[in-house]
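Report on the following structure.
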Amino acid sequence: CKFSINSINNPVVFNPVNIGGNINSTMSEIGPAISSDDNKIVFTRRVEDGDSNPQEDFYYSNKVEGEWQKALPFPSPLNTSGNEGALSFSSDQTLLIYTACNRSDGFGSCDLYYGYNDINNLNFVNLGGDINSKYWDSQACFSSDRKYIYFVSNRPGGYGGTDIWFSQVHDNYFGKPVNAGPTINSSKDEMSPFLHPDNKTLYFASKGHVGMGNFDIFLSRRSDVLSNWNEPLNLGYPINNYLDQNSLVVSNNGKTAYFASDFDGFGFEDIFTFELDDLIKANKLNELVVKIISSQN
């Protein structure tokens with residue numbers, strides 16, 4: 001309560017803008033991911049199939065001359081008649097990783113799948129039993145150097161309900177998952193990790209760190225990729241309020257954020273953008289760094 005009162009009395013700058021009808025619809029749009037060059041966005045849309053049963057599909061849009069083009073659905077087999085969600089891609093856009101639940105090749109309730117981002121040859125495989133468990137594994141993202149994935153799981157060995165874990169990416173396999181530790185994870189739930197392309201700033205949602213309500217968005221910084229994460233910082237009010245906030249991503253300029261919300265828009269949840277205050281922004285990447293991580297093999 002003291003934190004909430006202080007936050008309300010000391011609000012951060014927050015001017016969200018709906019990114020428009022080429023992305024958002026009367027249905028729900030959630031889980032945005034942005035490419036390192038800021039010119040491609042992917043997200044999940046809740047749609048109705050032929051018998052009007054709602055399910056979720058992946059959509060993408062490219063930015064042309066500063067304007068987002070009409071969003072298009074990914075074709076099969078990425079989109080199916082079942083639910084897929086939490087899609088993310090590597091900084092060079094060559095790899096996709098996402099969550100699918102209750103599949104015949106699954107190890108648990110929800111598993112992680114990955115494959116190459118080739119619109120003409122979409123072929124995805126289960127990450128396997130070293131990453132996926134008999135529990136819930138979801139919401140993965142790549143580090144900008146493609147050496148690690150971060151994801152969420154409620155497997156044993158954590159600090160609370162759902163924790164953030166990471167795994168090293170090798171040429172032919174993913175390493176054994178490692179818990180991100182008690183600085184990031186709490187006795188309650190953490191979710192929706194997003195490691196900024198600077199590789200030093202981690203945004204995530206948590207119920208356990210001191211906040212405004214249920215899930216709040218936090219950030220943690222480290223001095224370099226080998227350092228430990230520092231104590232999380234709440235993004236502040238009114239970015240966070242008494243409702244749930246999660247799934248925030250930030251562009252390579254370090255300050256342009258994207259998130260989903262239902263407080264205004266074309267229908268249910270829409271995707272919005274806003275500029276982060278200096279205290280909570282990530283490091284801006286120069287053009288050379290963006291070019292390097294966007295062209296990694």
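Some notes on this structure:
- Equivalent ellipsoid dimensions for region 84-213 as semi-axes, Å, which come from the Cα gyration tensor, largest first: 23, 17, 13
- Projected label distance in nm at Ser109 and Asn83, using a 7 Å step from Cα toward the beta-carbon: 1.0 nm
- Cβ charges +1 (Lys, Arg) and -1 (Asp, Glu), total dipole of region 128-184, debye: 60 debye
- For the chain, Cys1, Cys141 have no disulfide-compatible partner, since no other Cys C-beta lies under 4.7 Å from theirs.
- Annotation: Phe266 carries an accessible surface of approximately 110 Å², with a 1.4 Å probe and no ligand, DNA or RNA atoms counted.
- Heavy atoms of Tyr150: accessible area, 1.4 Å probe, square angstrom to 10: 10 Å²
- Extreme residue, positive dipole direction of the chain, given options Ile239, Ile41, Asn83 (C-beta unit charges): Ile239
- Kirkwood hydrodynamic radius (C-alpha pairs) into Stokes-Einstein, region 140-276, 25 °C and 0.890 mPa s, D in µm²/s: 159 µm²/s
- Which of Ser223, Asn9, Ser25, positive extreme of dipole for the chain (C-beta unit charges): Ser223
- Computing FRET efficiency as 1/(1 + (r/R0)^6) for Asn120 and Asp38, where r is the C-beta to C-beta distance and R0 is 22 Å, gives about 0.35.
- Solvent-accessible area of Met27, all protein chains in place: 50 Å² (probe radius 1.4 Å, heavy atoms, ligands and nucleic acids excluded).
- Shown are Glu56, Glu84, Glu287, whose ranking by accessible area with a 1.4 Å probe and every protein chain present, most to least, is Glu287, Glu56, Glu84.
- Amide H to amide H distances under 5 Å link Gly208 with Lys188, Asp189, where only residues 5 or more positions off or on other chains count and H is placed in the peptide plane.
- Debye-formula intensities of region 112-152, expressed as log10 I(q)/I(0) at q = 0.15, 0.21 Å⁻¹, are -0.42, -0.77 (one equal scatterer per alpha-carbon, no solvent).
- Region 1-94 - charge dipole about Cα centre, Lys and Arg +1 at Cβ, Asp and Glu -1, debye rounded to 20: 400 debye
- Accessible area expressed per residue, region 152-297, with surrounding protein chains retained (probe 1.4 Å, Å²): 48 Å²
- Placing Asp37, Asp244 in order of accessible area, with the largest value first and a 1.4 Å probe, yields Asp244, Asp37.
- With every protein chain in place and a 1.4 angstrom probe, the accessible-area ranking of Lys40, Lys147, Lys63, largest first, reads Lys147, Lys63, Lys40.
- Each Lys and Arg adds +1 at its Cβ and each Asp and Glu adds -1 at its Cβ; summed about the Cα centre, the chain shows a dipole of about 760 debye.
- Reachable lysines, given that their alpha-carbon falls under 16 Å from the alpha-carbon of Lys63 and they are not under 8 places away in the same chain: Lys40
- Gain on full extension, evaluated as 0.36 nm per residue between Phe3 and Arg146 minus their Cα-Cα distance, stands at 47.8 nm.
- Gyration tensor verdict on the chain (Cα atoms; rounded if a/c is under 1.5, prolate if a/b is larger than b/c, oblate otherwise): rounded
The values are calculated or read from the model by the stated rules, or taken from the named source; none is laboratory data. In this text the structure is predicted, and so the values were computed from the model without any measurement. Cβ coordinates were reconstructed from backbone atoms using ideal geometry, including for glycine residues, and neighbour counts include every protein chain displayed. Remember, those area values only see protein heavy atoms, side chains included, never the ligands or the DNA or RNA. Shrake-Rupley method; radii C 1.70, N 1.55, O 1.52, S 1.80 Å.
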